[in-house]
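Step one of this worksheet: look at the structure below.
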Amino acid sequence: MSVQGVKNLAYVPDLWRKLGWTFMILLAYRVGIHVPIPGVDVKAMADFFAQAEGTLFNVFDMFSGGGLRNVSIFALGVMPYISASIIMQLLQVLSPDLKRMAKEEGGVGRKKVTQYTRYATVLISLVQSFGLATMLEGMPSPQGIPMVPEAGALFRVVTIVTMTAGTILIMWLGEQITARGIGNGISLVIFSGIVAGIPRAIGQTYAFLGDTIPYILLPIIGVVMVAVVLVIVFVERAQRRIPVHYAKRQQGRKIYGGQTTHLPLRLNTAGVIPPIFAGSLLVFPATLAQFSHNAVLQSMSQWFSPSTILYNVLYAALIVFFCYFYTAIIFDPKDIAENLKKQGGFVPGIRPGDKTREYIGNVLTRITLWGAIYITLVCLLPQFLISYFKIPFYFGGTSVLIVVGVAMDFMGQVNSYMISRQYEGLMGKAKIAGRYQ
């Protein structure tokens, strides 16, 4: 946002109310992160996390904003909702009826899909909370102290009810931000959790100074991280614009169409989903090894260590795969080509229909490759820093992609709101002037 844009905030009181509402909801979420569930030794859980770096728990803890580390009522975070949303998107690809409901029935259909997503979120929360409660009962800390001093059916029931209710509350808070605040609520919830963990990551980095990290490397690391953020901002804004012309058509005495526009294709259509999926799959063996003395699992845990070449090669390959897979789910060239044909639009030099679909698909395939390479490089950078300089993972990878992406989206929505308010003010003045002329 420009300096003039910041000054204009003072003239938009409605925006200030939306910003205040958003801030208060995020503050309530951060308070809930520190409310533990009954019956768990929080100190023993903290000791366990100190020894569990590089496992699936750290991935979940990042998306729960530290709720899993604190064993709080928000321990599951927004992962059940994200999983339910992805499942619904997959089902829309597999089920023509569900796809028709989401796209052809207007607002009513979208509300039904949203309701199904909520039901799926509750179901996933019940399953995950039961698994987490069972795991906590049989999991000692590194010092041998049991996580749950008084395990039993009562603890499991209380944990399942508390964590499921906490996830539902987070989902509701996110929807309230979207409806009454500014920005995407769920994205801002994840954003606030990652940002809240940055001071701890800085503290970890400071602890390594002098011993593991030479002081002379600090300026270099700072320059690298600024460069990474600038690259993310540049690429996230990058688009491949396909020109689209609309043929002129006459209705009565009026002629419609004839204008030229473009179809914007983002370089990174899949967003942060590919590294999340890839990382979750690869850290799964290391997570299982935490609770088993099986020799095979222990060997797999060593093979899939983030410092190994095998891990990084598989990580890059999975990111590329999920970039194409998720892009194919959320963007269908066939639908775009059919809509252009119905509206009288066409790509210059390309026949409408199947030829347009093939052309858009080929362009999307090429730019997705560059987007996958970009995400892979950004996500491998923290692995390099961790392996050679012991820098916490917050300084790169998925967390930076989320923080920068959500911040850009938030500022874009703020600017759009200000522009719409200014437009409404101009329209109001024009009506008043016209009334007295």
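The values are calculated or read from the model by the stated rules, or taken from the named source; none is laboratory data. In this text the structure is predicted, and so the values were computed from the model without any measurement. Reconstructed Cβ throughout: ideal geometry from the backbone, glycine too, with neighbour counts over all protein chains shown.
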Is one or more of the residues making up the stretch 126-137 part of a helix (DSSP H, G or I), at pLDDT 85 or above, in the same structural domain as residue 39 (by TED's automatic domain parsing) and in contact with an Asp or Glu (Cβ under 9 Å, 6 or more places away or on another chain)? no
On the basis of being hydrophobic (A, V, I, L, M, F, W, C) and surrounded by fewer than 18 Cβ atoms within 10 Å (Cβ to Cβ), does residue 132 make the cut? no
Is one or more of the residues making up the stretch 233-242 aromatic (Phe, Trp, Tyr), at pLDDT 85 or above and exposed (fewer than 12 other Cβ atoms within 10 Å of the Cβ)? yes
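Pull up the stretch 250-284, narrow it to residues that are more than 28 Å from residue 362 (Cβ to Cβ) and surrounded by 12 or more Cβ atoms within 10 Å (Cβ to Cβ), then point me to the one that is modelled with the lowest pLDDT.
256
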Complete set of residues in the stretch 174-192 that are surrounded by fewer than 22 Cβ atoms within 10 Å (Cβ to Cβ), assigned to a helix (DSSP H, G or I) and not basic (Lys, Arg): 175, 176, 178, 179, 186, 187, 192
Can you find even one residue in the stretch 110-120 that is of a type in the set (Gly, Ala, Ser), assigned to a helix (DSSP H, G or I) and at pLDDT 75 or above? yes
Please specify each residue of the stretch 292-306 satisfying the condition of being surrounded by fewer than 19 Cβ atoms within 10 Å (Cβ to Cβ) and either at pLDDT 70 or above or more than 18 Å from residue 382 (Cβ to Cβ) (or both). 292, 293, 294, 295, 296, 297, 298, 299, 300, 302, 303
Could you run through the stretch 24-65 and say how many residues are on the phi > 0 side of the Ramachandran plot and at pLDDT 75 or above? 2
Quick check on residue 86: is it surrounded by fewer than 21 Cβ atoms within 10 Å (Cβ to Cβ) and in the same structural domain as residue 46 (by TED's automatic domain parsing)? yes
